[in-house]
C-alpha cells in the first residue's frame, strides 16, 4: 500500500478473522496529528460496521441478541461517532467557506440542492463553533486542548 492508495481491503482468506480486513493507512504527519484518537475512531467505525452487519443478519426479536449488545452499538454510533462526524462536517464547511468556496460547489460536494447548501452554510456563519467542531480542528487532550464534553442533551 502507498500514499496513492490509503485504503485497501484484505480478502477473507488472508484476513485476521477470516471475513476480510479493511486497512486504512495514514502518513506519519496524519498519524501524529490524530494521535490516539485514530484508534478510538477506528473502534467506533468498527462498531458501525458491526451494527450494520448485525441488522442485516439477525431478527432482533427472534434471535435472542441481548440488549447489552444493542446498547454498545447504539452508544458507539450515536453517542460517540455521530457527534464527531457532525463536528468534522461543520469544520469542513467552514473551511470551504473561508477558502472562498462557492455555494454551488458546496452543494455539489454535499449532494444537496444549492438552497440547502446555502442554508447550512448560513447557519454555521451565524453560530459559534460546537464542542465537536472545535474537537475536529484542535483535537482532544493529547493535543493540548481540553477534553470535549458531550453537549447533546445537556450531558
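Of everything in the range 118-155 that's modelled with pLDDT of 95 or more and more than 20 Å from the chain's Cα centre (by Cα), which residue is surrounded by the most Cβ atoms within 10 Å (Cβ to Cβ)?
118
Determine, yes or no, whether residue 100 is in the same structural domain as residue 125 (by TED's automatic domain parsing), out of contact with any helix residue (DSSP H, G or I) (no Cβ under 8 Å at 6 or more places or on another chain), exposed (fewer than 15 other Cβ atoms within 10 Å of the Cβ) and more than 23 Å from residue 122 (Cβ to Cβ). Quick ask: steps written out before the conclusion?
On the way: in the same structural domain as residue 125 (by TED's automatic domain parsing): yes; out of contact with any helix residue (DSSP H, G or I) (no Cβ under 8 Å at 6 or more places or on another chain): yes; exposed (fewer than 15 other Cβ atoms within 10 Å of the Cβ): yes; more than 23 Å from residue 122 (Cβ to Cβ): no.
Judged against the criteria, residue 100 is not a match.
Those residues that are within 19 Å of the chain's Cα centre (by Cα), assigned to a loop (DSSP other than H, G, I, E, B) and surrounded by 14 or more Cβ atoms within 10 Å (Cβ to Cβ), I need them from the range 1-54; list them, please.
Passing the criteria: only 35.
Would a scan of the range 97-106 turn up a residue that is assigned to a helix (DSSP H, G or I), within 22 Å of residue 6 (Cα to Cα) and at pLDDT 95 or above?
Our first condition is that a residue be assigned to a helix (DSSP H, G or I); within the range 97-106, this holds for 97-98, 103-106.
Next, from what is left, pick out any that are within 22 Å of residue 6 (Cα to Cα): none.
No: the range 97-106 contains no residue that is assigned to a helix (DSSP H, G or I), within 22 Å of residue 6 (Cα to Cα) and at pLDDT 95 or above.
Among the numbered criteria (1) modelled with pLDDT under 90; (2) more than 18 Å from residue 136 (Cβ to Cβ); (3) not assigned by TED's automatic domain parsing to the domain that holds residue 131, which one does residue 63 miss?
The number of the failed condition is (3).
Can you pull out every residue in the range 23-39 that is in contact (Cβ under 8 Å) with a residue 12 or more places away in the chain and either touching a strand residue (DSSP E or B) at 6+ places or on another chain (Cβ under 6 Å) or closer than 21 Å to residue 134 by Cα (or both)?
We begin by selecting, within the range 23-39, every residue in contact (Cβ under 8 Å) with a residue 12 or more places away in the chain; these are 23-27, 33-38.
If the condition is that a residue be in contact (Cβ under 8 Å) with a residue 12 or more places away in the chain and either touching a strand residue (DSSP E or B) at 6+ places or on another chain (Cβ under 6 Å) or closer than 21 Å to residue 134 by Cα (or both), then 23, 24, 33, 34, 35, 36, 37, 38 are the ones that fit.
Kindly establish whether residue 78 is within 30 Å of residue 118 (Cα to Cα), surrounded by 15 or more Cβ atoms within 10 Å (Cβ to Cβ) and assigned by TED's automatic domain parsing to the domain that holds residue 121.
Working: within 30 Å of residue 118 (Cα to Cα): yes; surrounded by 15 or more Cβ atoms within 10 Å (Cβ to Cβ): no; assigned by TED's automatic domain parsing to the domain that holds residue 121: yes.
In short, no.
The values are calculated or read from the model by the stated rules, or taken from the named source; none is laboratory data. Given the structure is predicted, the values throughout are model-derived calculations rather than measurements. So basically every Cβ, Gly included, is an ideal-geometry build from the backbone, and we count neighbours across all protein chains shown.
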